Amino acid sequence: MATSLSSSSSSSSVPKPIDSAEALRTSRILSSKLYFDVPPTKAPLIYSPTYDIAFLGIEKLHPFDSSKWGRICQFLIKEGILDKVRIVEPLEALKDDLLVVHPESYLKSLNSSMKVAIIIEVPPVAFIPNCLVQKKVLYPFRKQVGGSILAAKLAKERGWAINVGGGFHHCSAENGGGFCAYADISLCIQYAFVRLNISRVMIIDLDAHQGNGHEIDFSNDRRVYILDMYNSQIYPFDYEAKRYINQKIELQSGTKTEEYLDQLDKALEVAGKSFDPELVVYNAGTDILDGDPLGRLKVSPNGVAIRDEKVFRFARERDIPLLMLTSGGYMKSSARVVADSIINLSKKNLIDLDSRLS
């Protein structure tokens, strides 16, 4: 954590030097087009058909359901909960947008097909032209990053927002991994600091895996409070990043629904007494589901809905804007579970997706 520096009486009269890097970051944020006005006829639910990845069949070899995001929206529309015309489509995060967090060297490294293959954990694709990797893999990710950044603005305006995508919590400013190529959580928060004039953010990370990316990025930033509840017996085993978690709840493989929800209740109670955020970023991975091959927990679909309801109630009771990212989930059933949870939130009046609004 950052240490405070003592100041002398003589130094108080000396103007504080302007940090050129910070000034450039602020300039990029203020000139970005990722924040745009969304008409009230739209719901604060963000999705683009370009989120879904189809990459020469390689996506079928991957444990991640690369069409999950589109199927979530299809379920919501089919159930009559959401009108297609009310979905908000984000803009793509461009290079200048990404440079707010990522150094130029990291973005250049993504021009290597092999580097991308390592990050998203697919068979080597060095034989595939980089232009295809950019279009079929990284472009969808950049659209999701744009969605996560916009979600903070919508959450501040409407009280809540859901990006049906994003949650790339294994990516830090300088390193990607675990299917995560861009640090959308870190980017979202940095934009919120500048554009929304807030200074306290809570990350509630309930994906089955430790969110080591944002933990590294905010290791010395006391404006960010991190609650991370995860299976300690699976990837990423990032012991350095663990040092920067404000509230760490380490679960064991096989943790069942009742124990999981009990641990969450206790964690939220502590968080509510420890920090007073102006924005909650909720990373709502469904890889906690029973049967998920990578999460290795045993939470029921109904348990996921109850989990999400608890987090939304936590924010609602404190009048804190909340944005939700869908993050991990490695079974075909995940899309249905996410959709059912959103439907439950609507029925409980924790969100408003009324498709009749004109």
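The values are calculated or read from the model by the stated rules, or taken from the named source; none is laboratory data. These numbers were taken from a predicted model, which means no experiment stands behind them. FYI the Cβ positions are ideal-geometry reconstructions off the backbone, even for glycines, and counts take in every protein chain you see.
Quick notes on this one:
- Listing of helices (runs of 4 or more DSSP H) fully contained in the range 51-158 that carry 2 or more residues being in contact with a strand residue (DSSP E or B) (Cβ under 6 Å, 6 or more places away or on another chain) and modelled with pLDDT of 95 or more: 139-158
- Among the numbered conditions (1) of a type in the set (S, T, N, Q); (2) over 22 Å from G70 (Cα atoms); (3) touching a strand residue (DSSP E or B) at 6+ places or on another chain (Cβ under 6 Å), the only one that S300 does not meet is (3).
- Any hit, the range 255-276, residues being buried (at least 17 other Cβ atoms within 10 Å of the Cβ), under 16 Å from I162 (Cβ atoms), touching a strand residue (DSSP E or B) at 6+ places or on another chain (Cβ under 9 Å) and not charged (D, E, K, R): no
- Filter result (under 19 Å from V38 (Cα atoms), part of a helix (DSSP H, G or I) and within 12 Å of the chain's Cα centre (by Cα)) within the range 159-191: C188
- Close Cβ contacts (under 8 Å, 6 or more residues apart or on different chains) running from residues in the range 224-252 that are farther than 19 Å from C180 by Cβ and crowded, with 16+ Cβ neighbours inside 10 Å to residues that are at pLDDT below 95 and not β-branched (V, I, T) are absent.
- The range 192-225, subset part of a loop (DSSP other than H, G, I, E, B) and hydroxyl-bearing (S, T, Y), residue nearest to V299 (Cα to Cα): S219
- Verdict on H102 being of a type outside the set (A, V, I, L, M, F, W, C), out of contact with any helix residue (DSSP H, G or I) (no Cβ under 7 Å at 6 or more places or on another chain) and closer than 28 Å to A208 by Cα: yes
- If the condition is being part of a loop (DSSP other than H, G, I, E, B), under 19 Å from G70 (Cα atoms) and in contact with a strand residue (DSSP E or B) (Cβ under 8 Å, 6 or more places away or on another chain), then the range 322-357 contributes T326, S327, G329, M331, S333, L353.
- Meets criteria (hydroxyl-bearing (S, T, Y), in contact with a Phe, Trp or Tyr (Cβ under 8 Å, 6 or more places away or on another chain) and surrounded by fewer than 24 Cβ atoms within 10 Å (Cβ to Cβ)) for S186: no
- Residue list for the range 238-289, filter: within 24 Å of K332 (Cα to Cα) and of a type in the set (V, I, T): T255, T257, T286, I288
- For the range 160-183, the candidate set comprises residues that are in contact with an Asp or Glu (Cβ under 8 Å, 6 or more places away or on another chain) and among the small types (G, A, S); within that set, the residue that is surrounded by the most Cβ atoms within 10 Å (Cβ to Cβ) is G166.
- Tabulated pairs, the range 90-104, first of a type in the set (A, V, I, L, M, F, W, C), second loosely packed, with under 13 Cβ neighbours inside 10 Å, C-beta under 8 angstrom, 6+ apart or interchain: L91/K33; L91/F36
- Restricting the first member to the range 310-337 and to residues that are polar (S, T, N, Q), and the second to residues that are not in a loop (DSSP other than H, G, I, E, B), the beta-carbon pairs closer than 6 Å and six or more apart or on different chains are T326/V338; S327/N283; S334/K68.
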